[in-house]
Amino acid sequence: MGKRLFHVVFMVVTSMFIFPIGPSAQELKPIQLLKPQMDGGRPLMQVLKDRKTSRTFSPEKIPLPMLSNLLWAAVGVNRPDSGRRTAPTALNWQEIDLYVATGEGLFLYDAKEHLLKPVLAGDLRALTGRQAYVKEAPVNLVYVADYSKMGQATPEQKEFYAGADTAFISQNVYLFCASEGLATGVRALIDRPTLAKEMKLRPDQRITLAQSVGYPPK
C-alpha cells in the first residue's frame, strides 16, 4: 500500500511540472515595444473619411511593430521633456490607464517606458465585453480611470473627466486604425464588476470603456 501511495503521489507531482495548471503556467514577461514610426500613415482627411466602427475581426495577431505604433498613437509620450501624451487629460492628470488583453494575457501599457507590463496570464478577452465578437479580436483595450490621480475633484467631476479623457484616447485609436487598415470598435457594454475583479483593480480604479482592435475578416 505504501509503495502504491508513493507511486500515485509521484505521478501527480510529476504531472504538475509537465502539465502546469493555472495562471502561473504561463509566466508573462514584459514586452519592450518598438520605437514608433513617425514617417507612415495616410493624410488626415482621408483617415477621417474612413473612420468607422467594426464588429467583426480576423483572429490574426497584430504584429509587434503595428502594436507598438498603435499604443503610442493611443496615449504615448509625444513630448519627452514634459512627459505629455498624444491624448489630453484634464489638468494633465494622466489618469487613464490602458490595459491590453490578448490571448496570452493581460498587460498594462507603460507610456513613459513604451513597455507592456505583465498583469495576468490567461485569456481575459471574453470578459472585456458582453458581445460575442470580443473574444475573437486579437487585442482588446480596456480603459481604466485611476481616481487617486484626480486630486480633490468631486465624484461627479471624476466621472465626467474620466469619460472625456477616455474618449480622446479612443478616437486616437480609431484614427490610427483607419490609417493602417485595422478594424476597431469601442464598447461600453461590459460586466464591470466581474472584469474589475479578474483584473484585481482597486476600489478607486474604474473601468470606463473597452475597445476591440484587429484586422478585418478576410
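The values are calculated or read from the model by the stated rules, or taken from the named source; none is laboratory data. Worth saying up front: this structure is predicted, and the values here are computed from it rather than measured. Counting neighbours? That spans all protein chains shown, and the Cβs are built from the backbone with ideal geometry, glycine included. Just so you know, the surface numbers come from the protein's heavy atoms only, side chains and all, with ligands and any DNA or RNA stripped out. Shrake-Rupley method; radii C 1.70, N 1.55, O 1.52, S 1.80 Å.
Take residue 161 and tell me if it is closer than 22 Å to residue 51 by Cβ and of a type in the set (Phe, Trp, Tyr).
In short, no.
In this structure, is residue 87 modelled with pLDDT of 95 or more and out of contact with any Ser or Thr (no Cβ under 7 Å at 6 or more places or on another chain)?
The answer is yes for residue 87.
In region 187-200, how many are among the hydrophobic types (A, V, I, L, M, F, W, C) and surrounded by fewer than 20 Cβ atoms within 10 Å (Cβ to Cβ)?
3
Of these, 209, 127, which one is touching a residue at least 12 places away in the same chain (Cβ under 8 Å), farther than 18 Å from residue 69 by Cβ and in a strand (DSSP E or B)?
The match here is 209.
Restricting to region 140-161, and then to whatever is of a type in the set (Ser, Thr, Tyr) and surrounded by fewer than 18 Cβ atoms within 10 Å (Cβ to Cβ), can you tell me which residue is nearest to residue 111 (Cα to Cα)?
148
Just to be sure before I move on: is residue 133 open to solvent by less than 30 Å² (accessible area, probe 1.4 Å) and of a type in the set (Phe, Trp, Tyr) in the structure I sent?
It is false that residue 133 is open to solvent by less than 30 Å² (accessible area, probe 1.4 Å) and of a type in the set (Phe, Trp, Tyr).
Does any residue of region 162-177 turn out to be surrounded by fewer than 18 Cβ atoms within 10 Å (Cβ to Cβ), among the small types (Gly, Ala, Ser) and either within 16 Å of the chain's Cα centre (by Cα) or farther than 27 Å from residue 92 by Cβ (or both)?
yes
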